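Engineer: Before anything else, here's the structure in question.
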Amino acid sequence: MRLSLPALIALFLTCPCFSQEPPAPPLHSTAPAVEASNRPKIGVALEGGGALGEAHVGVLKWFEEHQIPIDYLAGTSIGGLVGGIYATGKPVAQLQEILRTANWPLLLGGGTPYEDLSFRRKEDARAVPNSVQVGLKHGAALPPGLNTGHQINLLIDRETIDYSNIPSFDDLPIPFRCVSTELISGQAYVFQSGSLSDAMRATISIPGVFAPVRQGDKIFVDGGMVDNLPTDVVRKMGADVVIAVHLQLSPASAKEIQGAFSVLGRSVALVIAETEIRGMAGADLIVNANVAEYSSTDYQKTEQLIQRGYDAAQEKAQILKAYSLDDSAWAEYLQQKKSRMRGAQGAPEFILVEGVDPEGKKNIENLLKNFVGKPLDTKSLDHVLTRLTGVGRYDSITYSVVNDGNQSGLSIRVHEKTYAPPFLLPFVEINGSEPQDVDFTMGARITAMDVWGYRSEWRTDLKFGATYGIASELYRPFQPLGKWFFAPFVNAGQTNFKVYKNSDPRAIYRLDNVLAGVDLGYSLSRFNEIRFGYGVGYQDYALRLGIPDFASTSGRVGSFHARYILDHTNEAVIPTRGIFLKASYEWFDTTPISTHAYPSVELLVQYFQPVSSAGSLFSTANGASTFGHSSAGAPIYFLGGVGRLSAYGLNELIGNQFFIGRTGYLHKVFTLPPFVGKQVYLTGFAEVGKMYGDPFHAPKLSGDFAGGVLAETFFGPILLGGSVGDTGHQKWFFQLGRVF
């Protein structure tokens, strides 16, 4: 990404300008036509402005109700999106319903929904709970946009599929144009033929927000910087009367321009304002939609914004009615528009996949073969294509209808990431379970794909700070689309293990370990996986400071292990719905902490249940046991710290068997601005647990109450809170990193 992030943020937040409307040029008055052939041709230009552009629908609605024809239509950004869908002949009521029911958080949030990610990408999202991704394909580079555009692509494809292969946009029910900026030349580009879907996607591609649209050597982004109100385009199409729909905002004030972002944002807005002034000067009539009290991100306020557009047209009723048709002429206009409409596409007779290598093409065609010979179910197709993006190697996948002689087929265009794989996921972890002694660790997960055949992955984790370590795994399916896999691995690490009593430090151990082995596994679905294997290595537990809670020891370790994970939650970082389960079993045949072989079983269950639009209840249960094995030279399990009896000291309770339960409530209080994060929650929870075999005589039952503020930020979840427990335990804490 070459543009600076502040510039991109400013452009996204200030796309509609703060300019005042100049005096409108004189109108070319025309009496209402009795015969359609005698009337002037009317063209409409729709302005860009983010969510504010939903007001365009209100203007179009007023036009329909008052029988004002639109012979030519052009738009930029959201104006191009609204105009393009309307140009396909959909009535305003249907357009209004599309906007009202659209999942705007999903469309604008970027990325594949967590539930649609492959199992391995879910593992990545849980292990690295932030939104930062760096591509390593051609050197280190950020993605070209925070949003790949996949979801908005699907919406556009779905609504325009009947017009996939028209030779010219003049052949639409309403002749249409949309404006984009071509980055290489820096010039405005007017789409008038080719893929209607690509054209609409290009005009809304806010730089840095949406990934640009690439066609050969051309790169297209939002057209707002060069022609945000394209009246000149409408005039060139042949319009006798040009009507501009302008999104009128309040002027900027000095006190609003304080920080760097606001200064930069105002500068970008002035550039856009200049293009709008040119656009308004080229109009015969300007319909001003007063949307001053709304934001360019208010996509959920569809009805209010549409009403503003309707009211704006009503204010110009006396002038606009001069272009109203009588019933006969209106019926003729509708008939002409209907004659250019296309019916629903028939069942595709073949699948054509483009944009990937032969192996990928073969596997995707095989995955989509069930869509051949059946009426096209776009909802099901959307789900399948979204899950394909969840594998991690594709930015987006689009579709359209193609003709091959006498056959009609489905064209699938795969848009691979230009910057990855390999990709790097950096992370920072801050553990403030003991605020006077904070641990800081940074690191990264690096993943290379197809290193040993299709769908194989080489994944490596690096850590530095309180923990130093490297963990590397080579994942290899036996068959390209098979479920069975094997995964050789090697791990090595060193960490300072701290033990506290209440808030007093008791001991610091240095734990060194090396482990290598191989797993055999089966991927049941994108929600669950089972694997088992054997590992052998070396462990060293050495007291560095303080009073020993257990003896220092070192030696060889060998163990058979098995693990099952089920993840049916809706988010990786802060779930609000679903269930997560992890069950693991280990049989240690050799270990330095025991003279005998022994088993270890651990179970973690987390459940999240929404109870309102803003609130969710959650319950978690975690327990482990060595099944009565008591000859271990050192404890196996530890409790104490955030989420594991939060009021207790870090690792205060030690033993060979435990259970802990946590029940609480998450309440969403507000949404963070784009590029900063997602949601901020208030949370409160109660914990109860028990450690068995603790040599320091732990309570029969330990418990506490905790609460705080939990924010899901761009850099990861931040938790700030406090806890009060039994036997005098209490403290405040903070954390950056995993909280569930």
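The values are calculated or read from the model by the stated rules, or taken from the named source; none is laboratory data. Remember, predicted model here, so these are calculated numbers, not experimental data. We place every Cβ from the backbone using ideal geometry, glycine too, and count neighbours over all the protein chains shown. Accessible surface areas use protein heavy atoms only, side chains included; no ligands, DNA or RNA. Shrake-Rupley method; radii C 1.70, N 1.55, O 1.52, S 1.80 Å.
Engineer: For the peptides 323-333, 139-149, what is the packing order when you average, over each peptide's residues, the other Cβ atoms within 10 Å and list the highest mean first? Walk me through the intermediate numbers first.
Structural biologist: Numbers: 323-333: 16.1, 139-149: 18.9.
The packing order, highest mean first, is 139-149, 323-333.
Engineer: Let me ask something else about it. Projected onto the charge dipole of the stretch 526-653 (+1 at Lys/Arg Cβ, -1 at Asp/Glu Cβ, origin at the Cα centre), which of Phe618, Ser594, Val557 gives the Cα projection farthest towards the positive end?
Structural biologist: Phe618
Engineer: Add +1 for every Lys or Arg and -1 for every Asp or Glu among the other residues with Cβ under 10 Å from the Cβ of Leu545, and state the total.
Structural biologist: On the way: positive: Lys498, Arg506, Arg510, Arg544; negative: none.
That works out to +4.
Engineer: In what order, largest first, do His383, His138 sit by accessible area if the probe radius is 1.4 Å?
Structural biologist: Working: His383 85, His138 150 Å².
Accessible-area ranking of His383, His138, largest first: His138, His383.
Engineer: Which value, in Å², gives the accessible area per residue of the chain when a 1.4 Å probe is used on the protein heavy atoms?
Structural biologist: Using a 1.4 Å probe on heavy atoms only, each residue of the chain averages 42 Å².
Engineer: What part of the accessible area of the stretch 48-116, given as a whole %, is carbon or sulfur when the probe is 1.4 angstrom?
Structural biologist: 48 percent
Engineer: Given +1 on the Cβ of Lys and Arg, -1 on the Cβ of Asp and Glu, and no further charges, what dipole in debye does the chain carry about its Cα centre, rounded to the nearest 20?
Structural biologist: 1240 debye
Engineer: About the Cα centre of the stretch 49-165, how large is the charge dipole given +1 on each Lys and Arg Cβ and -1 on each Asp and Glu Cβ? Please answer in debye to the nearest 20.
Structural biologist: So the dipole magnitude of the stretch 49-165 works out to roughly 500 debye.
Engineer: Using a cut-off of 28 Å between alpha-carbon atoms, which lysines can reach Lys369, once sequence neighbours fewer than 8 places away in the same chain are excluded?
Structural biologist: Lys122, Lys361, Lys379, Lys417, Lys483
Engineer: Oh, and also: Whole percent per 5 Å bin, from 0 to the bin with the longest distance: what is P(r) over all C-alpha pairs of the stretch 304-350?
Structural biologist: In order of increasing distance, the bins hold 5, 15, 12, 12, 15, 16, 10, 5, 5, 3, 1 percent.
Engineer: Which net charge results when you count Lys and Arg as +1 and Asp and Glu as -1 among the other residues whose beta-carbon is under 10 Å from that of Gln494?
Structural biologist: On the way: positive: Lys463, Arg510; negative: Asp512, Asp540.
In short, 0.
Engineer: Got a sec? What order do Lys321, Lys236 fall in by accessible area at 1.4 Å, biggest, i.e. largest, first? Write down the numbers at each step before the final one.
Structural biologist: Values: Lys321 95, Lys236 175 Å².
Descending accessible area places them as Lys236, Lys321.
Engineer: Once the dipole of the chain is set up with Lys and Arg at +1 and Asp and Glu at -1 on Cβ about the Cα centre, which of Pro230, Ser328, Pro635 lies farthest towards its positive end?
Structural biologist: Going by the Cα projections, it comes out as Pro635.
Engineer: While we're here: Rg over Rh of the chain, using C-alpha atoms and the Kirkwood radius, what does it come to?
Structural biologist: Ratio of gyration radius to Kirkwood radius for the chain: 1.05.
Engineer: So, one more: Looking only at the chain, where both bridge partners belong to it, what percent of the DSSP beta bridges are antiparallel (to the nearest 5)?
Structural biologist: Percent antiparallel among DSSP bridges in the chain is about 90.
Engineer: Quick check for the stretch 610-740: number of Lys pairs with alpha-carbon distance under 23 Å, counting only pairs 8 or more apart or on different chains?
Structural biologist: 4
Engineer: Using the charge dipole of the stretch 446-556 (Lys, Arg: +1 at Cβ; Asp, Glu: -1 at Cβ; taken about the Cα centre), state which of Val514, Ala471, Asn528 has its Cα farthest towards the positive end.
Structural biologist: Asn528
Engineer: While we're on this one: Classify the stretch 489-642 as rounded, prolate or oblate, taking a ≥ b ≥ c as the square roots of the eigenvalues of its Cα gyration tensor: rounded when a/c is under 1.5, otherwise prolate if a/b is larger than b/c and oblate if not.
Structural biologist: It is oblate, given that a/c is not under 1.5 and a/b is not larger than b/c.
Engineer: So, one more: Take the alpha carbon atoms of the stretch 373-436, find their center, do the same for the stretch 580-632, and report the distance between the two centers in whole angstrom.
Structural biologist: With the stretch 373-436 and the stretch 580-632 each reduced to a Cα centre, they are spaced 34 Å.
Engineer: Can you compute the radius of gyration and Dmax for the stretch 322-384, using only the Cα atoms, both in Å?
Structural biologist: In order Rg, Dmax, the Cα atoms of the stretch 322-384 give 20.3, 61 Å.
Engineer: To continue, here is another question. Less than 10 Å Cβ to Cβ from Glu354, Lys/Arg counted +1 and Asp/Glu -1: what total charge do the surrounding residues give? Spell out each step's value before the answer.
Structural biologist: Numbers: positive: Lys361, Arg413; negative: none.
Neighbour charge sum, excluding Glu354 itself: +2.
Engineer: Suppose the Debye formula is applied to equal point scatterers at every Cα of the stretch 601-740; what is log10 I(q)/I(0) at q = 0.09, 0.13, 0.14 Å⁻¹?
Structural biologist: Debye intensities relative to I(0), on a log10 scale: -0.31, -0.61, -0.69.
Engineer: Within the stretch 424-566, what whole-number % of the accessible surface is contributed by carbon and sulfur, with the 1.4 Å probe and all protein chains included in the calculation?
Structural biologist: Taking all protein chains in place, the stretch 424-566 shows 64 percent carbon and sulfur surface.
Engineer: Can you list the HN-Hα couplings for the stretch 297-310, worked out from phi with the Karplus curve (6.51, -1.76, 1.60; θ = phi - 60°), rounded to whole Hz and with x for Gly and Pro?
Structural biologist: Whole-Hz 3J(HN,Hα) from phi for the stretch 297-310: 10, 7, 5, 7, 9, 4, 4, 5, 5, 4, 5, 4, x, 4.
Engineer: For the stretch 589-740, what is the charge dipole size about the Cα centre, in debye to the nearest 20, if Lys and Arg each add +1 at the Cβ and Asp and Glu each add -1 at the Cβ?
Structural biologist: The calculated dipole for the stretch 589-740 is roughly 340 debye.
Engineer: With a Förster radius of 25 Å, plug the Cβ-Cβ distance of Tyr534 and Val451 into 1/(1 + (r/R0)^6) and report the FRET value to the nearest 0.05.
Structural biologist: So the FRET efficiency works out to roughly 0.60.
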